[in-house]
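Data block below; observations after.
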Amino acid sequence: MTEYTSTEMMAVCGSRAVRDGERVFAGTGLPVLGALLAKVTHAPNAVIIYEGGNVDCQNTDLALSVADSRLCYKAAASIGLIETLGFLMMGGRVDLGFLGAAQIDEYGNINTSYIGEFESPTVRLPGSGGGNDIASSAGRIVLMFTHAARKFVKKLDYLTSPGHLQGPGSREKLGLIGGGPSLVVTDKCQMDFDEKTKRIRLKSVHPGVTVEWVKENVMFNLIIPDKVPTTPEPTAQELEKLRSLDPQGIYLGKGQR
Amino acid sequence: MPEPVVEDKRISLKEVTKKIPNGAHIAWGGFGYQRPPEAFAMELIRQKKRGLRIYTCGSEHDLDILVGAEVCLEFEVAFFAIEALGLAPNLRRRTKEGKVRFEDYSNLSMALRFLGGALNVPFMPIRHLLGSDMLTKARLRKDKAKVIDCPFTGKPIALLPSVQADFGVICAQRVDPEGNTQIFGIKGEDNEIARCAKTTIVFAEEIISNEEIRRNPDLTMIPGLYVDYVVEVPFGSWPMQVYGYYDYDLPHLQMYVQQCRTEEGWQEYLEDWILGVGSHEGLLKKIGEKRLKALRADKVRGY
């Protein structure tokens, strides 16, 4: 069996969330890699959009920034932010958005702004960027971040981007057209959301991770089904393509084997 | 027909920077790694400006050096980090010191605020921000955003105050002396920024003739009538990138993020790369022709 890192596992899970033909918004970091991997494996017709303005990207080199010149090479169009986050995103024309998070709560609400009190924060995180725009209007959201108990909190320090807010019906009440988060990918497990309560639920654990470990590393009551399957391992083909996409290990460099 | 006069709006980086008073509000162009006004940021630091407020969607190394030098500590902004490399190191320290104040918006919010300013309407509607703390938690503004029931549909909608900043600053690939501006690759929110400010400054990699502009008017993203000053600054976005001209200087950015984690490291960087070199020309000399040549873009790929 081929060895792989926890970061590679995440990128592969992200990639598998992309369906062929979908319009996908990829953000900075691992999602860039996940979207690209999907495009060269099972979803060649995915239309990848970056908020800086590049539409339908077929880049061959890995991008560091959502505005990277690499995304422009062979793209169908290079326009601007009102095009991507306005006409396409708020216009309701995007199927899937990838986001990261420093904290999420049990309804998948997201903090990417501050750690600590708003009045005197200990850390200023990157902020919303296009995150709030994507979380508000994309058909569904896939969240990707490395697993740590402090990230799965009962109460966010700051709500940057809406998940399912206070539960069923709350997005609709505010007129948010997007479907909200549907999947969370960490380096330990995958989670989805219970249809009825909109609360986060364990979907699968990655090989070598126990349900007990996940339970201990989430600071709210995680819904745990009776049977939790193991996440299918990356295939040799997925790993080979993934590594060729990031030969310098810019994103894949981190993570344990 | 008598020949019309081509107005010459050219000015040097040093002189144009002198026109920025302390406390000015600036709409800041460039997006992420693409075309940020780096040379301008460095000159603001050399001229020891204070008390600026910057409005932008997302910027990175350029804003972080301004925070480090305490030229600008107030931001109405959506994103501030160094993508793929981590949090902005000076911002991290100055936040801990309680010196930086943010008004947080999303990227589309900021772009629409510039559009509202450009259209000369007081606000723009948006169906985002609803349900988030960005609507309710404010620091710099009493009028950060409002939610109303739409007078047509009865459904909730957020309203954002338009931005008409004192200055709008963008970096472009090519401009003529009159300010007719060509931007290649993505535009981010630059088209709106150039039209929303009281005074607009275009920094460009290259000055071309008015004749050349008029040969391809469809390439003009910003007509000169919006532009007040034109500044030729080759490598004006280094260490970031300009599509079709040069790539980002990744080893430099990695060194920056690493070294500036401490105040001492930042002070050393400030002396070595901004103050000590004296000017943009001095900086280019320090980087060296060989390195600049290596960063030059492949004409086909654009990077």
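Size descriptor for the protein assembly as shown, Kirkwood hydrodynamic radius: 23.9 Å (Cα pairs only, one decimal).
Across all directions, the average projected area of the convex hull around the alpha carbons of segment A:6-245 is 12.8 nm².
Here's the list of lysines a cross-link from A:Lys39 could span, going by alpha-carbon distance under 27 Å and ignoring same-chain residues fewer than 8 apart: A:Lys74, A:Lys188, A:Lys203, A:Lys241, A:Lys254, B:Lys187, B:Lys299.
Its relative contact order, with pairs defined as Cα atoms under 8 Å and 6+ residues apart, puts chain A at 20 percent. Think of the protein assembly as shown as a dipole: +1 on every Lys or Arg Cβ, -1 on every Asp or Glu Cβ, centred on the Cα centre; then among A:Met89, B:Phe75, B:Pro151, B:Pro151 lies furthest on the positive end. Where both bridge residues fall in the protein assembly as shown, DSSP classifies roughly 40% of the beta bridges as antiparallel.
For peptide B:69-79, compute the average count of partner chain beta-carbon atoms within 10 Å of each residue's beta-carbon.
So the per-residue partner count for this stretch is 2.
Note: relative contact order over segment B:102-160, using C-alpha pairs below 8 Å and six or more positions apart, is 38 percent. Working from Cα pairs under 8 Å separated by at least six residues, relative contact order for segment B:226-303 is 39 percent. Summing Cβ point charges (Lys, Arg +1; Asp, Glu -1) relative to the Cα centre of segment A:6-245 gives a dipole of roughly 280 debye.
Per residue, how big is the convex hull of segment A:49-124 when only Cα atoms are used? Give it in Å³. Please report the intermediate quantities before stating the final value.
Details: hull volume 10.6 nm³, N = 76.
Hull volume normalised by residue count: 139 Å³.
Rounded, prolate or oblate: which one fits segment A:128-221, using the alpha carbon gyration tensor with axes a ≥ b ≥ c (rounded when a/c is under 1.5, else prolate when a/b beats b/c, else oblate)? Because a/c hits 1.5 or more and a/b exceeds b/c, segment A:128-221 counts as prolate. Within the straight-line cut-off of under 16 Å between alpha carbons, the aspartates and glutamates reachable from B:Lys198 are B:Asp166, B:Asp190, B:Asp228, sequence neighbours fewer than 8 places apart in one chain being disregarded.
DSSP beta bridges fully contained in segment A:6-245 are about 50 percent antiparallel. Note on chain B: with charges restricted to the Cβ of Lys and Arg (+1) and Asp and Glu (-1), its dipole about the Cα centre is near 800 debye. Simple point charges give the picture: +1 on the Cβ of Lys and Arg, -1 on the Cβ of Asp and Glu, and for the protein assembly as shown a dipole about the Cα centre of about 1060 debye.
Counts of other chain beta carbons within 10 angstrom of each beta carbon in peptide B:153-162 average 1. Placing unit charges on the Cβ atoms of the charged side chains and taking the dipole of segment A:6-245 about its Cα centre, the candidate lying farthest along the positive direction among A:Cys57, A:Ser69, A:Gly130 is A:Gly130.
Across peptide B:119-132, the mean count of Cβ atoms from other chains lying within 10 Å of each residue's own Cβ comes to 6. Using the structure shown, list the pairs from B:Lys19/B:Lys48; A:Lys151/A:Lys196; B:Lys14/B:Lys99; A:Lys154/A:Lys198; B:Lys14/B:Lys49 with a Cα-Cα distance above 18 Å, or answer none. Correct reply: A:Lys151/A:Lys196; B:Lys14/B:Lys99.
Take peptides A:100-111, A:217-228 and line them up by average Cβ neighbours within 10 Å, highest first, as a rough protection proxy.
Numbers: A:100-111: 24.2, A:217-228: 13.9.
Top of the packing list down: A:100-111, A:217-228.
Once the mean of 1/r is taken over each pair of separate Cα atoms and inverted, segment B:107-218 shows a Kirkwood hydrodynamic radius of 15.9 Å.
Rounded to the nearest 5, what % of DSSP beta bridges with both residues in segment A:104-235 are antiparallel?
Working: 12 of 19 bridges.
Here the antiparallel bridges make up roughly 65 percent for segment A:104-235.
Is chain B best put as rounded, prolate or oblate by its Cα gyration tensor, with a ≥ b ≥ c the root eigenvalues, rounded for a/c under 1.5, and otherwise prolate when a/b is larger than b/c, oblate when not?
oblate
Alpha carbon centre of segment A:29-82 versus segment B:180-224: separation in Å? The distance from the Cα centre of segment A:29-82 to that of segment B:180-224 comes to 25 Å. Considering only A:Met9, A:Gly175, B:Leu13, the residue lying farthest towards the positive end of the dipole of the protein assembly as shown is A:Gly175, judged by Cα position with unit charges set on Cβ.
A short reminder: the numbers here are calculations on the coordinates, not readings from a lab. Model, not experiment: these values are computed from the prediction. Because the Cβ atoms are built from the backbone with ideal geometry, glycine has one as well, and the counts that use them run over all protein chains shown.
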